[in-house]
1. With respect to G190, determine if the residue is on the phi > 0 side of the Ramachandran plot and within 18 Å of the chain's Cα centre (by Cα).
2. Among the residues of region 182-194, count how many are surrounded by 18 or more Cβ atoms within 10 Å (Cβ to Cβ), part of a loop (DSSP other than H, G, I, E, B) and not β-branched (V, I, T).
3. Going by the structure shown, is R170 open to solvent by 20 Å² or more (accessible area, probe 1.4 Å), not hydrophobic (A, V, I, L, M, F, W, C) and not in a loop (DSSP other than H, G, I, E, B)?
4. Restricting to region 48-87, name every residue that is closer than 21 Å to T130 by Cβ, part of a strand (DSSP E or B) and within 15 Å of the chain's Cα centre (by Cα).
5. Being away from the ligand (no atom under 13 Å from the Cβ), acidic (D, E), buried (at least 16 other Cβ atoms within 10 Å of the Cβ) and touching a residue at least 24 places away in the same chain (Cβ under 8 Å): is that true of E179 here?
6. Go through R259, R169, R176 for me and flag whichever is under 30 Å from P55 (Cα atoms), more than 26 Å from the chain's Cα centre (by Cα) and among the charged types (D, E, K, R).
7. For region 228-246, give me each residue that is outside any loop (DSSP other than H, G, I, E, B) and either surrounded by fewer than 18 Cβ atoms within 10 Å (Cβ to Cβ) or not aromatic (F, W, Y) (or both).
Amino acid sequence: MALPSFRSAFHLDRAFNWFPGHMARGLREIQTQLQKTDVVVEVRDARIPLSSINPQLEQLANHKDHVVVYNKADLADPASRPSIIQNIRRFTGQQQVLFTSTHIDRDVRRIIEYAAARARTDPLRYPSVTVTVIGMPNVGKSSLINAMRRIGVGKGKAAPTGANPGVTRRVAGVIRVLEDPPVYLVDSPGVMVPYIADPIRSFKVALTGGMKEDVTDVEVLADYLLYQLNQKRNRTYCDMFHLTEPSDDIAQVLPAIARRIGALKKGGGHHLDWAARHFIKQFQLGKFGRYTLDDMTQDNVEMFFRTYQRPVRSRTRQRKEERAERIQARRAKQLAKGTHKQSYQR
Ligand SMILES: Nc1nc2c(ncn2[C@@H]2O[C@H](COP(=O)(O)OP(=O)(O)OP(=O)(O)O)[C@@H](O)[C@H]2O)c(=O)[nH]1
């Protein structure tokens, strides 16, 4: 049987963006909180090692003792780890890079140990250590804090968690995670990059659960997931949804998923949005295997770091600036004319 031909690129005309008010406020609160912080734990998603970097947070954290934690490592391709460590060190100078899964105690303990080492090596300077946990939405900050508390002091959940992004909305109070030396953690709201210009980057963030569903289009996102699976020649979805052969056409795949999960409309037809949500959820649960969506090849990483720190203007800001430029140009023109008139009159 001839293999079906797959798309060689995914074409998108728009990016998803999500930056509600609580994130702008959260960023200001984090800035204030960092003044009272000894160690910053910046949590990112191991499945999107580049796309889960928020330059605004990174800049705030860079002035501090700062450790980068790639969480959800159980869902990411382990083969990408060496290139993540190497590239992050090379392009950001960041030496402390850890990989964690909140349900693997050994991983979580390494963060506690990192913070406790400050107090152990310099107890006069650090009679206790305060750690602030920052990062993009849904990367697992609160889950990590709860895991550290469970491991460090044997206590239950203190930070609310949830499958949807944006559960934590304010910088929280301190939570003790170790008695001796005393280590305290502070949770903070996930802060998204204010404006993501690159549609593919926004799709990766959305696919890994970092965007509120309302700002996305689940069927387009499901199509992007299908594209990703086919790129990697991953056929798991065929067995899962009883497809006889792989397809690159989401219009064929979504009805098959809908039939499989019983998302059928009363008068006939399929709930394609339910099917799309189910498809995406399976990816987020790791049912298609472990994925690192960002291309970690040298060229791509270099390109990312060359452009990512440039402040990206939102469309509104861009329009305002363009308008201001037009007004200025018009005034300059009028002035030139006026000057000409004046000199003529003189
Ligand atoms: N598989 C896996 N899931 C995780 C891990 N850490 C967190 N999660 C799940 O990811 C989801 C988000 O976790 P949270 O801890 O609420 O994330 P957060 O970064 O605090 O989210 P915000 O409130 O948006 O800032 C939850 O459903 C967690 O169960 C991990 O290491 N592995």
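1. No.
2. 6
3. So R170 does not fit the description; no.
4. V68, V69, N71
5. So E179 does not fit the description; no.
6. Just a single option satisfies the conditions, and that option is R176.
7. So in region 228-246, the residues outside any loop (DSSP other than H, G, I, E, B) come out as 228-231, 236-240.
Selection gives Q228, L229, N230, Q231, T236, C238, D239, M240.
Per-residue answers, yes or no, for (1) in contact (Cβ under 8 Å) with a residue 24 or more places away in the chain; (2) open to solvent by less than 10 Å² (accessible area, probe 1.4 Å); (3) closer than 25 Å to A197 by Cα:
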| site | (1), (2), (3) |
| --- | --- |
| V43 | yes, yes, yes |
| I48 | yes, yes, yes |
| N54 | yes, yes, yes |
| I84 | yes, yes, yes |
| S101 | yes, yes, no |
| I104 | yes, no, no |
| E113 | no, no, no |
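The values are calculated or read from the model by the stated rules, or taken from the named source; none is laboratory data. These numbers were taken from a predicted model, which means no experiment stands behind them. Every residue, glycine as well, gets a Cβ built from its backbone with ideal geometry; the counts of neighbours run over all protein chains shown. Keep in mind that these areas ignore ligands, DNA and RNA; they rest on the heavy atoms of the full protein, side chains included. Shrake-Rupley method; radii C 1.70, N 1.55, O 1.52, S 1.80 Å.
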